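Undergrad: First the structure, then my questions, so here it is.
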Amino acid sequence: MSEGPLTRAPQLSTQTWYNTNVPVDLLELRGKVVVIYAFQMLCPACVSHSLPQAKSLHQYFTADDVCVLGLHSVFEHHDVMTNEALAAFISEYRLGFPIAVDAPGENGPIPQTMQRYELQGTPSVLLIDRQGYLRVKALGHVADLPLGHWIGRLLSTTHEAPSEPPKGDALQACLVNGRCN
């Protein structure tokens, strides 16, 4: 978890998009809450927990309020996680929300968007508020109740200045234990 002041969410650096005719631009999503799931199709926690959760969020919320995005961030097993394999995976699991393939790293195996957001692995969840500020960054599966709590908080604020969410240990306790103060 970063401890600095709120920052605008960096743009996604992608090479391919699925389930959308045009690449998604975070600037065009201002006014909506954005939930980004960074995943790898060979990650067990992604397949069993995070992607089903993303699918449920996408089905539950209207696109006018919450935009759910997938980000396939491959930092290992590059040879087997091809675009063809990902297309089959998306079809097999019936993932209907927009999914991007993170652009390859310029100086190593870590993809570009994963570097920009300083993600430590997959699954990771990013919550961006209506004003485009990165509000939550969590590594690992986030339980439904605390995630719903955070999305509800972000949906209830429309045009007010963003306040700082809990950081570090307080945020981790919220996400893992479901106890948000």
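The values are calculated or read from the model by the stated rules, or taken from the named source; none is laboratory data. Because the structure is predicted, anything quoted here is derived from the model rather than measured. Note that each Cβ is placed from the backbone with ideal geometry, even for glycine, and that neighbours are counted across all protein chains shown.
Undergrad: Taking the stated definitions as given, is residue 103 over 30 Å from residue 156 (Cβ atoms), in contact with a helix residue (DSSP H, G or I) (Cβ under 8 Å, 6 or more places away or on another chain), among the small types (Gly, Ala, Ser) and at pLDDT below 95?
TA: Yes; evaluated as a whole, the condition is true for this residue.
Undergrad: What residue, of 71, 86, 119, is part of a helix (DSSP H, G or I) and either surrounded by fewer than 18 Cβ atoms within 10 Å (Cβ to Cβ) or at pLDDT 90 or above (or both)?
TA: Matching residue, one of 71, 86, 119: 86.
Undergrad: Please find, within region 89-102, the residue that is nearest to the chain's Cα centre (by Cα) out of those that are loosely packed, with under 13 Cβ neighbours inside 10 Å and either of a type in the set (D, E, K, R) or under 11 Å from residue 16 (Cβ atoms) (or both).
TA: Filtering region 89-102 for residues that are loosely packed, with under 13 Cβ neighbours inside 10 Å and either of a type in the set (D, E, K, R) or under 11 Å from residue 16 (Cβ atoms) (or both), the one nearest to the chain's Cα centre (by Cα) comes out as 94.
Undergrad: Within region 52-66, can you find the residues that are surrounded by fewer than 13 Cβ atoms within 10 Å (Cβ to Cβ) and among the hydrophobic types (A, V, I, L, M, F, W, C)?
TA: Within region 52-66, just 63 meets the criteria.
Undergrad: Residues of region 138-154 being more than 15 Å from residue 54 (Cβ to Cβ) and either surrounded by fewer than 20 Cβ atoms within 10 Å (Cβ to Cβ) or out of contact with any Leu (no Cβ under 8 Å at 6 or more places or on another chain) (or both), which ones?
TA: Scanning region 138-154 gives 139, 145, 149, 152, 153.
Undergrad: Right, next: Of everything in region 27-44, what is among the hydrophobic types (A, V, I, L, M, F, W, C), part of a helix (DSSP H, G or I) and either farther than 22 Å from residue 90 by Cβ or at pLDDT below 95 (or both)? Give them in sequence order.
TA: 27
Undergrad: Restricting attention to region 95-118, and to residues there that are aliphatic (A, V, I, L, M) and touching a strand residue (DSSP E or B) at 6+ places or on another chain (Cβ under 8 Å), which single residue is farthest from residue 48 (Cα to Cα)?
TA: The extreme case among them is 103.
Undergrad: Given (1) touching a Phe, Trp or Tyr at 6+ places or on another chain (Cβ under 7 Å); (2) assigned to a loop (DSSP other than H, G, I, E, B), where does residue 125 come up short, assuming only one miss?
TA: The single condition residue 125 does not satisfy is (2).
Undergrad: Can you go through 87, 54, 45, 63 and tell me which one is in contact with a Pro (Cβ under 8 Å, 6 or more places away or on another chain) and among the small types (Gly, Ala, Ser)?
TA: Going through 87, 54, 45, 63 in turn, just one is in contact with a Pro (Cβ under 8 Å, 6 or more places away or on another chain) and among the small types (Gly, Ala, Ser): 45.
Undergrad: Kindly indicate the residue of region 19-51 that is polar (S, T, N, Q) and surrounded by 18 or more Cβ atoms within 10 Å (Cβ to Cβ) and also nearest to residue 137 (Cα to Cα) among those meeting that condition.
TA: 50
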